[in-house]
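Chemist: Supplied in structure tokens, the structure appears directly below.
The values are calculated or read from the model by the stated rules, or taken from the named source; none is laboratory data. This is a predicted model, so every value here is computed, not measured. Because the Cβ atoms are built from the backbone with ideal geometry, glycine has one as well, and the counts that use them run over all protein chains shown. Side chains included, ligands, DNA and RNA excluded: accessible areas come from the protein's heavy atoms. Shrake-Rupley method; radii C 1.70, N 1.55, O 1.52, S 1.80 Å.
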Amino acid sequence: MSATDHLFEKLVNVVGSNYLSIELCDRLVYSKDYSIEGFAGDYTPDIVVKPASVEEVQQIVEIANELGVPIYTWGGGTSMSGNPLAVHHGIVLDMKRMNRILEVDPDNLALTVEAGATMAEVQAAAMKHNVFFTHQPESCLSSTIGGALSCMGISIFGAKYGYAYDQVIGLEVVLGTGQAIQVGNKSYLNVPAHNLLNLFLGAEGTLGIITKAVLKVYPVPPTRDRISIGFPDIATAMEACKRVHSSGCWPETVYAFDRRSLVQYMERAKTPIPEELSMAILFGCSGESDMVEKSLEVISRCCQETGGYELPTEVTESWWDAVNINRETFDKSNFALSHTDYEPDLIDACLPFSRFQEFSDYCDEVKREFGWVDIDFGSFIVAGPRGPIPFCIYFSVPIDTRIPREVEKWFEFKERMYTRALEMGGSVSNANGVGLRSAPWVREQLGSAWDLLTGIKSLTDPNNVLNRGQRGFD
Amino acid sequence: MTERLSKYEDWARACMHLRCGLCRENCPAYSQLKLDSYSAKGKLTMLYH
């Protein structure tokens, strides 16, 4: 009996024959995520298994330990950096069957959910009880809670409410030993000792598999409105955001796009973009209508004082439609159709504020060197959490994967950009997941702290079964 | 037939690049066994592999 057959036999006893597969066609689908990584190597798992409960997850982890087979946990597969890919093949643990909303508790502003539920399902469940779940990335119809908590990702409401990891007050995690632990509960301040939640949030499943989460929900704001402002460059736009912060406004959406990103996002709506525009920010506010109106008025004034100018309403609305993707609105977005020719991937770094412009100029310079001038998606900066000052800068470059050399070039480009970010006193940012190839920069940046991290990993996952070969761990 | 299908070519190409999985929402085939290979995304990933 082959090793895979043996594994199959053991797993079939856990989940039943309907919920696992060793068929190539089923496995191939898990060989690529949203990023380019899947084109650069063979990440096809040996077996795909779909557990229905935490007990099943525990048993699967125990089997993996016994047989020394790695487990790669999958949510929606919308990772931007290759982090669910089965580097050493083995088991893909698809969590999407565990998608029950266990409880919505509006009195305590808490919602308990299994990790495989999609963000859209959670939002809809919250709305039924007249509360608001705030994490809404562009992929919310397909990405799962477990995926968001493990790999971060941005939310259009992030400037007011924060990122995915700010929404968590409790977790159930299955460690690499098969042991299940509970951290936190429905109380909002829940740190009896060290903050163990943060150990698992953003860990991409390398320290444990998140199976359940208690999430924050908020009272629903009655109205929502927005404006967009044009700026001559990144530096002026950043100054304006600082002014907005000091003004006392509390916007919920702050998205800064350069001209090229804006063109790409407006492509479907065919909205014309003013000639002179180089950088633009979308500010959105929510609350009582008079409060929203006043806030937008103040934001507009602050921006104009720092050299900005208001953009036409049709730009604002078409921009909002492009980024606000949920069940009701997704057909208005440009999300899918902007990618008919190229594969999207991104550089994700955080720098000292004053050096955004320099980093962006450097990016343009390297792009020219690589010959990527006409196919540019440009850069965008997103605010959050909890404040209008943007701090993560992304550069998205569309790559034609039909040209084999292009994929390699992309990784060279990525290396140049990250090396530069570190030189400039910046950091590799976890805002969209650290992923498969960021390991060298993460190790370099952490220095001696890396040993501490591997020490923690050896405690929670002694046989190294969780996401083996991912995120810099061997 | 080919003509009728051709108007969906952009969507198919987008799926090949993006693999977003938004198609799982309300998909009767996917909801049977909840394996990605039953969704449109799954089929296109296989097709373009």
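Chemist: Of A:Gly202, A:Leu296, B:Ser6, which is farthest on the positive side of the dipole of the protein assembly as shown, counting Cα position, with +1 on Lys and Arg Cβ, -1 on Asp and Glu Cβ, and the Cα centre as origin?
Modeler: Final value for the positive-end residue is A:Gly202.
Chemist: Test of understanding: given chain A, find the longest segment containing no trypsin sites (Lys or Arg not before Pro) that are in a DSSP loop and have at most 12 other Cβ atoms within 10 Å.
Modeler: By the stated rule (loop sites, at most 12 other Cβ atoms within 10 Å), A:1-269.
Chemist: Helix-only mean residue ellipticity at 222 nm, the protein assembly as shown, DSSP H runs n ≥ 4 weighted -39,500 (n - 2.57), per residue, nearest 500. What is it?
Modeler: Helix contribution divided over all residues of the protein assembly as shown: -11000 deg cm²/dmol.
Chemist: Working out 0.36 nm times the residue gap between A:Leu446 and A:Asn13, then minus their Cα-Cα distance, what length gain in nm do you get to one decimal?
Modeler: Stretched fully, the A:Leu446-A:Asn13 segment lengthens by 151.7 nm.
Chemist: Next question. Does chain A come out rounded, prolate or oblate by the C-alpha gyration tensor, with a ≥ b ≥ c the root eigenvalues, rounded set by a/c under 1.5 and, if not, prolate when a/b is larger than b/c and oblate if not?
Modeler: It comes out prolate by the Cα gyration axes.
Chemist: Now for a separate question. Calculate, axis by axis, the spread of Cα positions in the range A:223-430 along the three principal axes, and write the results as whole Å, longest axis first.
Modeler: 55, 39, 31
Chemist: While we're here: Of the options A:Val12, A:Val407, A:Pro45, report the single residue whose Cα projects farthest towards the positive end of the charge dipole of the protein assembly as shown (beta-carbon charges: Lys, Arg +1; Asp, Glu -1).
Modeler: Positive-end residue among those listed: A:Val12.
Chemist: In peptide A:1-7, what is the residue-averaged number of other protein chain Cβ atoms found within 10 Å of each Cβ?
Modeler: For peptide A:1-7, the averaged partner shielding equals 0.
Chemist: How far apart, in nm, are the 7 Å Cα→Cβ label points at A:Asp166 and A:Arg327?
Modeler: Inter-label distance under the simple model: 2.6 nm.
Chemist: Along the positive direction of the dipole of the protein assembly as shown (beta-carbon charges: Lys, Arg +1; Asp, Glu -1; about the Cα centre), which of A:Ile456, B:Met16, A:Gly162 reaches farthest?
Modeler: A:Ile456
Chemist: Next question, about the same structure. Run the numbers for B:Ala29 and B:Glu9: contour at 0.36 nm per residue of separation, minus the present Cα-Cα distance, in nm.
Modeler: Between B:Ala29 and B:Glu9, full extension yields 5.1 nm more.
Chemist: Shifting gears a bit: Taking θ as phi - 60°, what are the ³J(HN,Hα) couplings along the range A:26-31 by the Karplus curve (6.51, -1.76, 1.60), each to the nearest whole Hz, with x for Gly and Pro?
Modeler: Calculated HN-Hα couplings, in order: 6, 6, 4, 4, 8, 8 Hz.
Chemist: How big is the charge dipole of the protein assembly as shown about its Cα centre, in debye rounded to the nearest 20, if each Lys and Arg gets +1 on its Cβ and each Asp and Glu gets -1 on its Cβ?
Modeler: About 600 debye.
Chemist: Please get the size of the charge dipole for the range A:223-430, origin at its Cα centre, with Cβ charges of +1 on Lys and Arg and -1 on Asp and Glu, quoted in debye to the nearest 20.
Modeler: So the magnitude is around 380 debye.
Chemist: Pairing the Cα long axis of helix A:54-67 with the longest principal axis of chain A, what angle in degrees results, from 0 to 90 and rounded to the nearest 10?
Modeler: That works out to roughly 60 degrees.
Chemist: A further question on this structure: Heavy atoms only, probe 1.4 Å: what % of the accessible area of chain B goes to carbon and sulfur, would you let me know?
Modeler: 58
Chemist: What longest range of chain A stays clear of loop-exposed GluC sites (Glu not before Pro) (DSSP non-H/G/I/E/B, at most 12 other C-beta within 10 angstrom)?
Modeler: Here the longest run is A:24-274.
Chemist: Rounded to the nearest percent, how much of the accessible area of the range A:186-262 (1.4 Å probe, protein heavy atoms only) is carbon and sulfur?
Modeler: Ligands and nucleic acids excluded, carbon and sulfur reach 60 percent.
Chemist: While we're on this one: If I take every Cα pair under 8 Å that is 6 or more residues apart in the range A:400-474, average their sequence separation and divide by the length, what percent do I get for the relative contact order?
Modeler: Answer for the range A:400-474 is 28 percent.
Chemist: In whole Hz, with x marking every Gly and Pro, tabulate ³J(HN,Hα) for the range A:304-318 from phi via Karplus 6.51 cos²θ - 1.76 cosθ + 1.60, θ = phi - 60°.
Modeler: Calculated HN-Hα couplings, in order: 5, 5, 9, x, x, 8, 5, 8, x, 4, 5, 5, 4, 5, 6 Hz.
Chemist: Enter the angle in degrees (range 0 to 90, nearest 10) between the Cα long axis of helix B:9-18 and the first principal axis of the Cα atoms of chain B, meaning the one along which they spread out most.
Modeler: On a 0 to 90 degree scale, this one is about 50.
Chemist: Per residue, how much accessible surface does the protein assembly as shown expose to a 1.4 Å probe? Answer in Å², no decimals.
Modeler: Solvent-accessible surface per residue comes out at 39 Å².
Chemist: So how do A:Trp450, A:Trp410 rank on accessible area, 1.4 Å probe, biggest first, that is with the largest at the start?
Modeler: Solvent-accessible surface, decreasing: A:Trp450, A:Trp410.
Chemist: Something else about it: Considering Cα pairs under 8 angstrom that are at least six residues apart, work out the relative contact order of the range A:1-152 and quote it in whole percent.
Modeler: 20
Chemist: Can you give me the relative contact order of chain A as a percent, contacts being Cα pairs under 8 Å and 6 or more apart?
Modeler: Result for chain A is 18 percent.
Chemist: On a 0 to 90 degree scale, rounded to 10, what angle separates helix A:356-370 from the longest Cα axis of chain A?
Modeler: It is inclined by approximately 70 degrees.
Chemist: Let me ask something additional. Roughly speaking, what is the stretch gain from A:Glu267 to A:His88, that is 0.36 nm per residue apart minus the C-alpha to C-alpha distance, in nm to one decimal?
Modeler: Full extension from A:Glu267 to A:His88 adds 60.5 nm.
Chemist: Would you please give the FRET efficiency between A:Asn198 and A:Leu67, computed as 1/(1 + (r/R0)^6) with r the Cβ-Cβ distance and R0 = 30 Å, to the nearest 0.05?
Modeler: Given R0 = 30 Å and the Cβ-Cβ separation, E is 0.45.
Chemist: Using protein chains only and a probe of 1.4 angstrom, how many square angstrom of B:Ser6 are accessible, to the nearest 10?
Modeler: For B:Ser6, the solvent-accessible surface is approximately 60 Å².
Chemist: Classify chain B: rounded, prolate or oblate, from the alpha-carbon gyration tensor (a ≥ b ≥ c, eigenvalue square roots; a/c under 1.5 rounded; otherwise prolate if a/b is larger than b/c)?
Modeler: prolate
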